[in-house]
Amino acid sequence: MERWRRAFAENDKDFKELFGVKKEIFLHMHDILTAAALERRKKGGRRPALSPGDQLFMTLQYWREYRTMKHLAFDFGISKSTVSDTITLVENVFIQSGVFRLPGKKALLSKENEGRTFVVDVTESPIMRPKKAERVVLRKEKAAYDKDANHC
């Protein structure tokens, strides 16, 4: 039994709370992914590690809970790179379908949207780490002084 089917046992309110979308929208997304998977299968190649439903299930967990790809890989029994590739694939399928794509900046600023409010979550946490270039520059300067000292 696929993982996403177990989630459908929840009532509508709990499902939306867990995944951020209603069951009807989830099924519509699933239909789009399934059609895209059938198109990809026509070209041949290996079967994907996850079904389209589980791919969507994992992607929604990633978007909703901000889980790390390492945790998702552990839960689904796949590699971290497969998680990354799957999320990218799902995002690209939705963008190409045009159904779940946000309008561009011009459309949002048009007169028909005047007075409406849009909220976009763009929270990021910067990572403090030393710059690689600084370490290389310091090593080169030190090496230059050592050479000059030997020649005197």
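Observations on the model:
- Ala49 surrounded by 11 or more Cβ atoms within 10 Å (Cβ to Cβ), touching a residue at least 12 places away in the same chain (Cβ under 8 Å) and either in a helix (DSSP H, G or I) or of a type in the set (A, V, I, L, M) (or both): yes
- Residues in the stretch 22-45 that are touching a helix residue (DSSP H, G or I) at 6+ places or on another chain (Cβ under 7 Å) and assigned to a loop (DSSP other than H, G, I, E, B): Lys22 alone.
- Residue in the stretch 70-78 that is within 15 Å of the chain's Cα centre (by Cα), surrounded by 11 or more Cβ atoms within 10 Å (Cβ to Cβ) and within 20 Å of Ala37 (Cα to Cα) present: no
- Within the stretch 1-21, restricting attention to residues that are in contact (Cβ under 8 Å) with a residue 12 or more places away in the chain and part of a loop (DSSP other than H, G, I, E, B), the residue that is surrounded by the most Cβ atoms within 10 Å (Cβ to Cβ) is Val21.
- Within the stretch 62-74, the residues that satisfy the criterion of being assigned to a helix (DSSP H, G or I) and modelled with pLDDT under 90 are Trp63, Arg64, Glu65.
- Test for Asp85: is it within 15 Å of the chain's Cα centre (by Cα) and surrounded by fewer than 18 Cβ atoms within 10 Å (Cβ to Cβ): yes
- Answer residue from the stretch 32-43, given it is surrounded by 11 or more Cβ atoms within 10 Å (Cβ to Cβ) and among the charged types (D, E, K, R) and is nearest to Phe94 (Cα to Cα) among those: Arg40
- Evaluation of Leu38 against the conditions (1) over 19 Å from Arg101 (Cα atoms); (2) of a type outside the set (Phe, Trp, Tyr); (3) touching a residue at least 40 places away in the same chain (Cβ under 8 Å) shows that the sole unmet condition is (3).
The values are calculated or read from the model by the stated rules, or taken from the named source; none is laboratory data. In this text, all values refer to a predicted model and were calculated from it rather than measured experimentally. Note that each Cβ is placed from the backbone with ideal geometry, even for glycine, and that neighbours are counted across all protein chains shown.
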